[in-house]
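Colleague: Mind looking over this structure? Questions follow.
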Amino acid sequence: MGNVQEFEAASDRPAALVLRALKLGDLLVAVPALHAVRRALPEHRLVLAVPGWLDEMVDLVDGVDALLPTPGLDDPLPLAPGTIDTAINMHGNGPESRGMLDAIRPARRLGHRFDASDPSLTWQGPEWIDGIHERVRWARLVEAHGMPADPDEVWIRHPGPSERRGAVVVHVGAFYGSRHWPVDRFAAVGAALRDDGHDVVFTGSDRERQRAVQVARLGGFAEDHVLAGRLGLRAFASLVADARIVISADTGAAHVASALRVPSVVIFGPAPAEEWGPPPGPHVVLTDARLRRGAVFVDDPDPALLAVSVEDVLTAARDLLS
């Protein structure tokens, strides 16, 4: 994966820049659209403006030439006006993301339709539609701009072998408390699958390590089964790629499983599965949409997620493992 300095130094090819300054799951639902961009612009250098901590995952997306570290929309892109031939807004359709790309004055801007009194600020493209699947949203966007896309083409490259081949990966974390399935339920699922004869490991980010330790203790696991906070993104992807199954709330881990064609059980809470669920394949979505509160940025778990029982998860997991 090239860095931005290498990208700026390489002036022999036009550059296409995709803005997606969000999290892991947001990157992975945009992969089908990125594949379409790569096919449609084979002569371009493809640059992703995403948070720098995603570099090890971006490296697994075929055809990406460079990562431009972009932690959000607060600061301008560090690119001279005119550097970019084609700028693609896969971040959203608000004034901040449009303005960030307008500022670098690309020769061509691809995004959703936006009408402005100033013609230089008008964007051509499809109308934004609420309530559609995120993979479909971005595939639909690039297709409207002449780049045929398959919204289920989520695949990334295999990241290489894991030291824990064949594990059952129980991902206990999520960025917001609204997606936190209770620790005692994760512990009960892990203990039951261990008793079935599986090697169970608990994953999460560094800040979620104590939650994973608590799950392991409740389930009677030794600490070497707690991998939360111990793996970089590439190592985590390798663990998932070689896993028997991934059990997770609706978070980045579930999208990694989909991208690597690994069976998964995904527990949905505030976000609708119709907009964020996995593609067709060996994946089971569990939720009770009738109870969904839908508030993502809160600390307490969504009722739709709490409606999913230990037995629900075990039934789905054993089905996929059989």
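Colleague: First select every other residue whose beta carbon is under 14 angstrom from the beta carbon of Thr70; then total the charges, Lys and Arg +1, Asp and Glu -1.
Modeller: Result for the local shell: -3.
Colleague: Something else about it: For the chain, what is the per residue volume of the convex hull drawn over the alpha-carbon atoms, in cubic angstrom?
Modeller: 130
Colleague: Shifting gears a bit: Express as a percent, rounded to the nearest 5, the fraction of DSSP beta bridges in segment 4-144 (both residues included) that run antiparallel.
Modeller: 5
Colleague: While we're on this one: Within 10 Å of each residue's Cβ, count the other Cβ atoms and sort Thr287, Thr203, Thr315 from fewest upward.
Modeller: Thr315, Thr287, Thr203
Colleague: Please compute the modelled spin-label separation between Arg293 and Asp150, points set 7 Å along Cα→Cβ, answer in nm with one decimal.
Modeller: It works out to 4.0 nm between the two label points.
Colleague: I've got another one for you. If each DSSP helix of 4+ residues adds -39,500 (n - 2.57) and the sum is divided by the residues in the chain, what number results at 222 nm, nearest 500 deg cm²/dmol?
Modeller: -9000 deg cm²/dmol
Colleague: Right, something else. Suppose we flag GluC sites (Glu not before Pro) only when DSSP calls them loop and at most 15 other Cβ atoms lie within 10 Å. Which is the longest uninterrupted stretch of the chain?
Modeller: Free of exposed loop sites, the longest segment is 164-322.
Colleague: In whole Å, what three semi-axes, largest first, describe the equivalent ellipsoid of segment 168-321 built from its Cα gyration tensor (square root of 5 times each eigenvalue)?
Modeller: 21, 17, 16
Colleague: Within 10 Å, count the other beta carbons around each residue, average over each peptide in 81-91, 177-187, 261-271, and list them highest first.
Modeller: 261-271, 81-91, 177-187
Colleague: Taking neighbour counts of Cβ atoms within 10 Å as a proxy for exposure, in what order, fewest first, do Leu22, Leu34, Leu193 appear?
Modeller: Fewest to most other Cβ atoms nearby, the residues stand as Leu22, Leu193, Leu34.
Colleague: What is the spin-label model distance, in nm, from Leu121 to Arg318 if the labels are put 7 Å beyond Cα along the C-beta direction?
Modeller: Spacing of the two 7 Å Cα→Cβ label points: 6.0 nm.
Colleague: Let me ask something else. Would you mind telling me the antiparallel percentage of the DSSP bridges in the chain, rounded to 5?
Modeller: Rounded to the nearest five, the antiparallel share is 5 percent.
Colleague: While we're on this one: Which percent of Cα-Cα pairs in segment 185-262 sits in each 10 Å bin, short to long?
Modeller: Calculated P(r), rounded to whole percents: 19, 54, 26, 0.
Colleague: A further question on this structure: Distance between the C-alpha centers of segment 190-235 and segment 128-175? Whole Å please.
Modeller: The distance from the Cα centre of segment 190-235 to that of segment 128-175 comes to 24 Å.
Colleague: Give the Kirkwood hydrodynamic radius (Å, one decimal) of segment 36-110, defined as one over the mean of 1/r across all pairs of different Cα atoms.
Modeller: Final number for the Kirkwood radius of segment 36-110 is 13.0 Å.
Colleague: What is the order of Trp53, Trp138, fewest Cβ neighbours within 10 Å to most?
Modeller: If I rank by nearby Cβ atoms, fewest first, I get Trp53, Trp138.
Colleague: PRE reach from Glu56 (point 7 Å along Cα→Cβ): which of segment 235-255 fall under 17 Å by backbone N?
Modeller: Inside the label zone: 235-243, 252-255.
Colleague: If you add up the charges near Asp115, with Lys and Arg at +1 and Asp and Glu at -1, over every other residue whose beta carbon is less than 15 angstrom from its beta carbon, what do you get?
Modeller: 0
Colleague: Apply 1/(1 + (r/R0)^6) to the Cβ-Cβ distance of Arg113 and Arg165, taking R0 = 41 Å, and write down the FRET efficiency to the nearest 0.05.
Modeller: Working from the Cβ atoms, E equals 0.30.
We did not get these values from a lab; they are worked out from the coordinates using the rules stated. Quick caveat: nothing in here was measured; it's all calculated off a predicted structure. All Cβ positions, even for glycine, are placed from backbone atoms using ideal geometry, and neighbour counts span all protein chains on display.
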